[in-house]
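*Asks:* There's a structure below that I have some questions on.
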Amino acid sequence: LAGSLRYLRAESYAERARVALRDERHLAATRWAQKAVALDDQNPETFFYLGESRVRRAEDLTNPAAVAAFYRAALEPFERASALAPNDETFMIALGRVDDALGRFAEAEWMFGRALEWDPRSIAVQKSYQGHLAFWRDARPETRPLPHSNLPDASEPLPASTATPSPGIF
């Protein structure tokens, strides 16, 4: 009982963060999650609430610099949660989503691949991975055709008029 009392306040703050996230009160969720983490830095769920509150705040903003800052701020709590519970697909998916949002598609691919290895039959992982692939595909810059050049292609055979050697050249 005495051991559990030590974590009572941290759990209370974590629950308030979860409820604030549910109610779309992202700043309040951040504040409660930070208080919970300060009291108990071994609960991966609390780190998830902190990271998720920052992700949702980023999704509400329109300023690209602020959006990127909130996404970058979400990385550390998600990494911490994943380190505390390395086989929890929720944290792997969260990290992959943030990597996608930051344009770090190779890192996201690795994280989603890790989640798929851990639980290949998970519907959440499969749908998240498909979303990642679509996002990555849509984020690629448009491929523009190169301007036309009058120079011959190196792999093209030379025209018959230039293919015959001129006299005097060996």
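The values are calculated or read from the model by the stated rules, or taken from the named source; none is laboratory data. Since this is a predicted model, take the numbers as computed values, not measurements. Don't worry about glycine lacking a Cβ; one is built from the backbone with ideal geometry, like all the others, and counts go over all protein chains shown. Side chains are part of the model used for accessible areas, which takes the heavy atoms of the whole protein and leaves out ligands, DNA and RNA. Shrake-Rupley method; radii C 1.70, N 1.55, O 1.52, S 1.80 Å.
*Asks:* When only C-alpha pairs under 8 Å and at least 6 residues apart count, what is the relative contact order of region 1-145, in percent?
*Replies:* Relative contact order here is 15 percent.
*Asks:* Okay, next question. Once the whole set of protein chains is in place, how much accessible area is left on L84, using a 1.4 Å probe, in Å² to the nearest 10?
*Replies:* Solvent-accessible area, nearest 10 Å²: 60 Å².
*Asks:* Right, here's the next one. Order L61, L50, L39, most accessible first, counting only protein heavy atoms with a 1.4 angstrom probe.
*Replies:* L39, L61, L50
*Asks:* Tell me whether region 69-117 comes out rounded, prolate or oblate; compute the Cα gyration tensor, take square roots of the eigenvalues as a ≥ b ≥ c, and use a/c under 1.5 as the rounded threshold.
*Replies:* Oblate.
*Asks:* Still on this structure, please answer the following. What FRET efficiency comes out for the pair W136/E79, r = Cβ-Cβ distance, R0 = 25 Å, nearest 0.05?
*Replies:* Once the sixth-power term is evaluated, E becomes 0.75.
*Asks:* With a cap of 13 neighbouring Cβ atoms within 10 Å, and only residues DSSP puts in a loop, list the trypsin sites (Lys or Arg not before Pro) found in region 68-133.
*Replies:* When the trypsin sites (Lys or Arg not before Pro) of region 68-133 are filtered for loop state and at most 13 Cβ neighbours within 10 Å, R121 remain.
*Asks:* Which shape class applies to region 2-116: rounded if a/c is under 1.5, otherwise prolate when a/b exceeds b/c and oblate if not, where a ≥ b ≥ c are the square roots of the Cα gyration tensor eigenvalues?
*Replies:* Oblate, because a/c is 1.5 or more while a/b does not exceed b/c.
*Asks:* Could you put E89, E52 in order of accessible surface area, largest first, with the 1.4 Å probe and the full protein assembly present?
*Replies:* E89, E52
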